[in-house]
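For reference, the structure is listed below as structure tokens.
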Amino acid sequence: MTITGTGDKTFSFGYTLGAIRDQLDCRFEDMLDHIERFPFPTLCALNGRVYDDATDLAMCCDFRIGVRGSRFPMPAGRIGLHYYPGGMRHYITLLGLAASKKPFLIAQAIGDEEMLRNGFLHELVARDQLDATVPAYIKSILACEPKVLATMKVDLMAKTATMAHEEVPRGHYEQSLRSSELAARLDAIGQRPR
């Protein structure tokens, strides 16, 4: 399975302001858990910038290929939203605690080279090379024995899962969804000229 965006500037903006207000529940986390547990290797072709919860969508894939010039901003803290537990688990499992603090605690965008260095990306390619790189990964995956890939993926995921979904507290996340601070910041962002 390959996940990518359309165009050449942005992979995904994640949730809209309205969706943050009205639609954040466990459905997105459940979908990401299904992608992460998909029995065969998954590939994310990041064709541009990746924002907020779309970074988590990418992290649920087994392989991530990004284009030069891409970056990911994580504005959750800036808008007053405590990131959801499953997403924090993915960040810490994939990037480690130290690398996870930068996007969460200072809401600073991470550039392409840092994305490669911290393990968010497996490969960083020129924009015109993305369309050739993705099929090369797919060809390599298809050359492997499917049953063995499926069992190895299960075992790799079991070995690297350091935090069970149930162990990550949901209270702070759910409290932030109901907060007046989040509502005020979303209102202020929605009123900015575009």
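All of the numbers you see were taken from the coordinates with simple rules; none came from a lab. The structure presented is a predicted model; accordingly, all values stated were derived computationally and were not measured. Virtual Cβ from ideal backbone geometry, glycine too; neighbours counted across all protein chains shown.
Each label point is 7 Å from the Cα along the Cα-to-Cβ direction; what then is the distance between the points at ASP30 and LYS139, in nm?
With each label point 7 Å from Cα toward Cβ, the separation is 4.0 nm.
Would you pull out the residues with amide H under 5 Å of ARG49's amide H, same chain only if 5 or more places away, H placed 1.01 Å from N?
THR10, PHE11, ARG71
Using a Cα-Cα cut-off of under 19 Å, which aspartates and glutamates could be cross-linked to LYS102, ignoring same-chain neighbours fewer than 8 residues away?
Cα-Cα hits under 19 Å: ASP52, ASP53, ASP56, ASP112, GLU113, GLU114.
Can you give the log10 of the normalised intensity I(q)/I(0) at q = 0.11, 0.14, 0.16, 0.20 Å⁻¹, computed with Debye over equal Cα scatterers of region 2-191?
Relative scattering, expressed as log10 I(q)/I(0), comes to -0.50, -0.82, -1.06, -1.53.
From the phi angles alone, apply the Karplus equation (6.51, -1.76, 1.60; θ = phi - 60°) to region 90-100 and give each ³J(HN,Hα) in whole Hz, x where the residue is Gly or Pro.
4, 4, 5, 5, 7, 9, x, 5, 4, 5, 6
Testing the spin-label approximation: label points 7 Å from Cα along Cα→Cβ at HIS122 and SER179. State their distance in nm.
3.6
Output wanted: per-residue J couplings in Hz (rounded whole) for region 41-47, from phi through Karplus 6.51 cos²θ - 1.76 cosθ + 1.60, θ = phi - 60°, x for Gly and Pro.
With the stated coefficients, region 41-47 comes to x, 10, 10, 10, 9, 7, 7 Hz.
Which parts of region 97-139 would a label at ARG71 reach, counting a residue when its backbone N lies under 12 Å from a point 7 Å out along Cα-to-Cβ?
108-115
Would you mind getting me the FRET efficiency between ALA98 and VAL154? Use the beta-carbon distance for r and R0 = 22 Å, nearest 0.05.
0.20
Checking the cross-link filter: which aspartates and glutamates have an alpha carbon closer than 19 Å to that of LYS147, excluding same-chain neighbours under 8 positions apart?
Here the aspartates and glutamates satisfying the reach criterion relative to LYS147 are GLU36, ASP62, ASP155.
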